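> Take a look at the following structure, please.
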Amino acid sequence: MSNFLMQILEKEGVPTHFVEELNDRETVVKKVSIVPLEVIIRNISAGSFAKRFGVEEGIVFDEPTIEFSYKNDDLHDPLMNAYHAIALKLATREEIEQIKSMAFKINDVLKAYFLKLGVKLVDFKLEFGKTADGTIVLADEISPDTCRFWDAQTNEKLDKDRFRRDMGGVEDAYKEMMHRVFGD
Ligand code: TMP
């Protein structure tokens, strides 16, 4: 699914790490150094946003939000703003601007794509990498592990929240997402 979505994004002008899918388990990707930021875009309140701000899940935002967290397991990936990332030299101001505009473009493309499949793209996490020549590309993965997907009619969760919240039906939800994306 991740490779497929990356190819859709490439066609829409978003540079990604994707080079070639060799088989079900192996993909050739560009060598990058990962920018140590988790970039989270949200269209609808859920998860840590709902918890942090004391609001219910399901509030549809007028505009998407963006936030960064510092990829650092020892510190539990703390939330940070762009100034903090620049101060810590995790990325330059220009790179942050580029990452922001790529992330919003990715949201526009994926939100419309999933809506056609009857799925609301609630929120998702992206990671970006830098190639040897300094180009910023979308890296890592996009999947039900890194996105919240809700059925557009019923709001049924079709993502890793089923596992995180011990709801059961994880495998069926992932199969349903694969079915919506690839058919049969
Ligand atoms: P959150 O509401 O827990 O902050 O998560 C926002 C989105 O980012 C959600 O779709 C899950 C995804 N995510 C990851 O893929 N990896 C992570 O480590 C975290 C914290 C969130």
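> If you count, for each residue, the other Cβ atoms within 10 Å and average over each peptide, how do 110-122, 49-61 line up from highest to lowest?
The packing order, highest mean first, is 110-122, 49-61.
> Using a 7 Å offset from the Cα along the Cα-to-Cβ direction at both residue 57 and residue 98, what is the distance between the two label points in nm, to one decimal?
Simple spin-label model gives 3.6 nm for this pair.
> List the residues whose amide H sits under 5 Å from the amide H of residue 59, counting only those 5 or more places along or on another chain, with H placed 1.01 Å from N in the peptide plane.
45
> Give the long-range amide H neighbours of residue 152: residues separated by 5 or more places, or on another chain, with amide H under 5 Å away, using H modelled in the peptide plane at 1.01 Å from N.
For residue 152, the qualifying residues are 119, 120.
> Per residue of segment 82-91, what does 6.51 cos²θ - 1.76 cosθ + 1.60 with θ = phi - 60° give for ³J(HN,Hα)? Whole Hz please, x for Gly and Pro, Karplus curve as stated.
4, 5, 5, 4, 5, 4, 8, 6, 6, 6
> From the phi angles alone, apply the Karplus equation (6.51, -1.76, 1.60; θ = phi - 60°) to segment 143-154 and give each ³J(HN,Hα) in whole Hz, x where the residue is Gly or Pro.
Rounded to whole hertz, the list is 6, x, 6, 10, 10, 9, 10, 10, 4, 5, 8, 10.
> Just need log10 I(q)/I(0) for segment 49-103 at q = 0.12, 0.13, 0.14 Å⁻¹, Debye formula, equal scatterers on the alpha-carbon atoms, no solvent, rounded to two decimals.
Results for segment 49-103 at q = 0.12, 0.13, 0.14 Å⁻¹ read -0.37, -0.44, -0.50.
> In debye to the nearest 20, how big a dipole does the chain give about its Cα centre with +1 on each Lys and Arg Cβ and -1 on each Asp and Glu Cβ?
Charge dipole, the chain, about its Cα centre: 300 debye, nearest 20.
> Given the C-alpha centroids of segment 11-72 and segment 152-184, what is the distance between them in whole angstrom?
18
> Hey, what do the phi angles of segment 22-37 turn into as Karplus ³J(HN,Hα) couplings, whole Hz, using 6.51/-1.76/1.60 and θ = phi - 60°, x for Gly and Pro?
Result, rounded to whole Hz: 7, 6, 4, 10, 10, 9, 7, 10, 5, 6, 9, 9, 6, 5, x, 10.
> Given axes a ≥ b ≥ c from the Cα gyration tensor, I'd like to know whether the chain is rounded (a/c under 1.5), prolate (a/b larger than b/c) or oblate.
Oblate.
Every read-out reported here was derived from the displayed coordinates using simple, explicitly stated rules and does not represent laboratory data. The structure presented is a predicted model; accordingly, all values stated were derived computationally and were not measured. Positions of Cβ are backbone-derived with ideal geometry, glycine not excepted, and every protein chain shown enters the neighbour counts.
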